[in-house]
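What follows draws every value from the coordinates through simple rules; no lab data is involved. Keep in mind that this is a model prediction, so the values were computed, not measured. Please note: Cβ atoms are built from the backbone with ideal geometry, for glycine as well, and neighbour counts cover all protein chains shown.
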Amino acid sequence: MLNGDGNMSSKVTERALNLIKSMPRVALNNIKPLPHTAFKKKTDRRGDRKKKGRGDKGQGARGTWDPLGYEGRQNPLIDTSPRERYYAQYAVRRQYPPVSLLDLQRLIDLNRVNTSRPVDITSICNTGLFKFDISKNHFGVNLTDEGCDQFAAKINAEVQWTSELVIAAIEKNGGTITTRYYDPQSLAALYDPLAFFKKGHPIPKCKLPPQDALLYYSDPNNRGYLADPEKVLEAREKLAQKYGYKLPDLEGDPFKEMLLMRKDPLQIFFGLEPGWIVNLRDKSVLKPKDDDYLRYYHSAQ
Amino acid sequence: MAALSGTTFLRIYHRVLPVFINATRSKPVIATSKYKKCILHHKLANDKVSVCGLLSVRQHSTSFSASQDELDQNDLIKDFEVSHEEFKYVEQILPSPTVPELEEQTQYPTPSGWFPPDEATQAQQKYLIRRTKNHMLPVYSHTQNTWFGTSHFVSIKKIEGDIWALEADLREHVLKTTGQKSVNTHVHEVGRFIRVRGQHRDLIAKFLLEKGM
Amino acid sequence: MAVSLTKSFAGLCIQAGNAIRSISHTQISCEGGILQLYRSFSALQIKGLENGNRESEWLSKSNLHTSSACMTTPELKEWREHRIIDRFYRLPWGGWIRTRGGRRKGLYKKVPRHRWQLQQHIFCNYHQNKLLDTLVAPKWKEPKYFADSPYEPYFQRTNSYWQPNNKKFYP
């Protein structure tokens, strides 16, 4: 095989390719499946008669192996270890798969995520690089602080869980961040909006967080979506003082409108209200006008 | 949408009930509410009843039961508005089917540390390693667990040019940096990849980046 | 500056039904918190709808998405060996941790150092890790992403040749 400078790469390869050149064309009459794909029935039964390949006596022959974890007659580790509630309520606890600031910066650098619009869970899922699964109790994204020193993008981020350092890193660059709760039905629409619209269901309204999450999402220090906006602004200033950076002026920012875009607590998509139905084929949106219907979708009841 | 001709309607049954029109089917899907909870009922085209798979999530405060109901003309919503202006918000949410193209940046490396391949240095080499569709090096590590032990490999894919020259360079670099006496490699000329035994992913990637790949 | 910013903050929310929303600046405290929160949302005025007695609506828990620990069923849970899951915790890299026996017994006769040692959670050895991995279903080996887990610092190994913390991206 010749490469760029005309040297033969290998004698073996050269011979193999010359062999192939001299062979007839591949056709149905000169190919067969690989040997390992065909199941070879065992025809030699000489060894099967007496011991069946199990050897002489003992547990191996009689199938009376000790159960896994058995340690002779000694009390095994799996019984003697004290009980500890490591997995308390594992089936019910919410999980937040991590996406780091480094990942996010990489997505922005490679133009996978559009920073001129708010970056939320849908933008992250639409890159196709992060998968979330409702059946595994994934209640959204956890923005972690790996790469917080390298982060240099001004974005309006909306995540489900984050830490103080991440909030500082984003606000230092002139962006804003909100923590926002979505219930599983809304998440199904957010993780895969195309599949959701294809079903033809009305856009669901987002429910309030459960009791144990309500405090987190009402706390201005976490930039919760249910928190008082005035207190959020105070918290921004306090955090800037704590971490020692100058808080960029949001008032005079040309992207102020985009950075202050927030969804209604019942709303899951920007620009689309709960209760509307999207028609992908005709590229239209249906808005029912019935009173009962609207009362359901515009209230928390 | 075929379903939404002038004759198809949205339906309310029992109070609060969103009716879900399935855009791909001709028959509407009905949802009913009972004790302020939502029961979803999905009526298929062949009249079989099944519960929508979407709502089989246990945390949700809705209960699911399938009940067969007939369409009642009086219960249908006839009043709805069709809007084309708001569809632009839908387009903003939908994913793009292909990987977007890169934009030219003023400064490399970018904040996350990315930089494009250096074509000047690449031209001086006897081989070329193409970047993946996500614009990164095709260097991967994996472990193989067998009954005779565990092996760690680093595989370099998408190699063009003199693969044996690359193998020689890699071998020399790994021996020099790690100080080990030997390194095992597997060269696959037809598949255009090399596997190097050991946990040397960072070393090999750094070596290739220095070569401009 | 702050007042105008809050106004624009609230004003730039995309509103349901093209209505103007005014989030009341009530302090959300622990005790009266939930009621006060509801009161703040009852200030929502949506065009075309009657403003009935919203407080009673909100006090009913109909829309609250409350996760209840008792509501899961055995079929929905993952198969597991109880003796393992009750006592051991699996770290994503394949290690298991457990507690020490006797950490609450006879403390009066134990020196402080001994008491401290018994408080520690310890790693299992290689063979124990292999055994415990065979005793649980594959779903237990998938990583779990609980928020604020106290074991997070131990999810990644340090200074390990066999499980190095390589860089994520090249370049």
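Tabulated data
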| read-out | value |
| --- | --- |
| Compactness of chain A, expressed as Rg and Dmax over alpha-carbon positions, Å | 30.7, 90 |
| Cubic angstrom per residue, convex hull over Cα atoms of region B:119-210 | 108 Å³ |
| Two-site FRET efficiency, B:GLN92 against A:ARG62, from Cβ-Cβ distance with R₀ of 51 Å, rounded to 0.05 | 0.15 |
| Centre separation in Å (Cα based) which lies between region B:131-209 and region A:169-223 | 43 Å |
| Between 0 and 90°, nearest 10: helix A:11-22 axis offset from chain A longest Cα axis | 80 degrees |
| Förster-model FRET efficiency, 45 Å R0, C:HIS114 and B:PHE148, C-beta, rounded to 0.05 | 0.55 |
| Region A:188-232 - percent relative contact order, Cα under 8 Å, separation 6 or more | 18 percent |
| Percentage relative contact order, region A:98-298, counting C-alpha pairs under 8 Å, at least six apart | 19 percent |
| Virtual paramagnetic centre 7 Å along Cα→Cβ of A:ASP79, amide N under 19 Å, in region C:121-161 | C:128, C:131-132, C:135-136 |
| Debye equation applied to the C-alpha atoms of region A:83-218, log10 I(q)/I(0) at 0.11, 0.15, 0.22 Å⁻¹ | -0.42, -0.77, -1.42 |
| Separation between Cα centres of region B:87-122 and region C:82-152, rounded to whole Å | 44 Å |
| Environment charge at A:CYS125 (Cβ cut-off 12 Å; Lys +1, Arg +1, Asp -1, Glu -1) | -1 |
| Two-decimal log10 I(q)/I(0) for region A:155-225, as the Debye equation yields it once each C-alpha is a single scatterer, q = 0.12, 0.13 Å⁻¹ | -0.40, -0.47 |
